[in-house]
Amino acid sequence: MDTKILKPLNLFLTAGLFLALHNINAQDVKLSRLEQKETLKAQSEANFYRLDSLIKSKSFVIKANYVREKYGVLTPVDPTINFIMVNGTTGIVQTGSYSGVAFNGVGGSTSEGIIGLWKLTSDSKKQTFTLSFSLQTNLGNYNVLIFIKADNKTLATVTGTCTDWTVTPRWFDWDGELCSLNDARIFKGHETI
């Protein structure tokens, strides 16, 4: 055969081979993306049911990564000293800062008390929870409203009054994550009197 004919033929066959391999790889990528999506969906559903049992056991901590005060300022905080803890019929709301000094020893306030009204609703389709409860402490009464997603992300709003020397209205948004009481790794300051 003439080399003039072989060169275009080889080029044509090589290009055809590359196109065929490219199509096979593209189908593999599509299948793996579909598998990844199904895997993520299954993990999210399993986590939703794990959170359901954790919340119903009333043994969890919401560790705040950010706190938003009433003026809308979003402040990063240390989650080991800024948390909302639920342990059976008791609860703790603690704020803290390493840069300040306060009665609780961690630059904020620690309010421990008895949980009152408790209301939990869940949406299995959206895989979210809404929890509200009241907390009666020696510093005042707090209302806690928590939105929880299946990926452990939470948004909690704490409102109420604190009776330190005067009756001070309190309002905080806590942006953080939910974890079990055993996995919390938190530091509880002295209860503020």
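Structural remarks
- Here the simple spin-label model places points 7 Å from the Cα toward Cβ, and for GLU177 and THR80 these points are separated by 1.6 nm.
- Amide H contacts under 5 Å for SER97, placed H, 5+ residues apart: GLY107, GLY108
- Carbon + sulfur, % of accessible area of the range 47-166 - ligands and nucleic acids excluded, 1.4 Å: 56
- Förster radius 30 Å - calculated FRET efficiency between TYR71 and THR128, Cβ distance, rounded to 0.05: 0.60
- Taken along the Cα-to-beta-carbon direction at a fixed 7 Å, the label points for ASN143 and GLU35 span 5.1 nm.
- Among the listed pairs LYS149/LYS188; LYS58/LYS153; LYS56/LYS188; LYS153/LYS188; LYS56/LYS149; LYS37/LYS126, those whose Cα-Cα separation exceeds 20 Å are LYS149/LYS188; LYS56/LYS188; LYS153/LYS188.
- Each peptide among 172-183, 114-125, 57-68 gets the average number of other Cβ atoms lying within 10 Å of its residues, and from highest to lowest they stand as 57-68, 172-183, 114-125.
- A straight chain from ARG185 to ASN87 at 0.36 nm per residue would run longer than the Cα-Cα distance by 33.8 nm.
- Residues whose amide H lies under 5 Å from that of THR128, counting only those 5 or more places away or on a different chain, are ASP123; hydrogens are built 1.01 Å from N in the peptide plane.
- Annotation: amide H of VAL77 within the under-5 Å range of TYR66, VAL67, sequence separation 5 or more or interchain, hydrogens built in the peptide plane.
- Label point distance in nm, SER57-LEU155, each placed 7 Å from Cα along Cα→Cβ: 2.8
The values are calculated or read from the model by the stated rules, or taken from the named source; none is laboratory data. Quick caveat: nothing in here was measured; it's all calculated off a predicted structure. Cβ atoms come from the backbone with ideal geometry, glycine included; neighbour counts cover every protein chain shown. When the accessible area is computed, the model is the full protein with side chains, heavy atoms only, and any ligands, DNA or RNA have been set aside. Shrake-Rupley method; radii C 1.70, N 1.55, O 1.52, S 1.80 Å.
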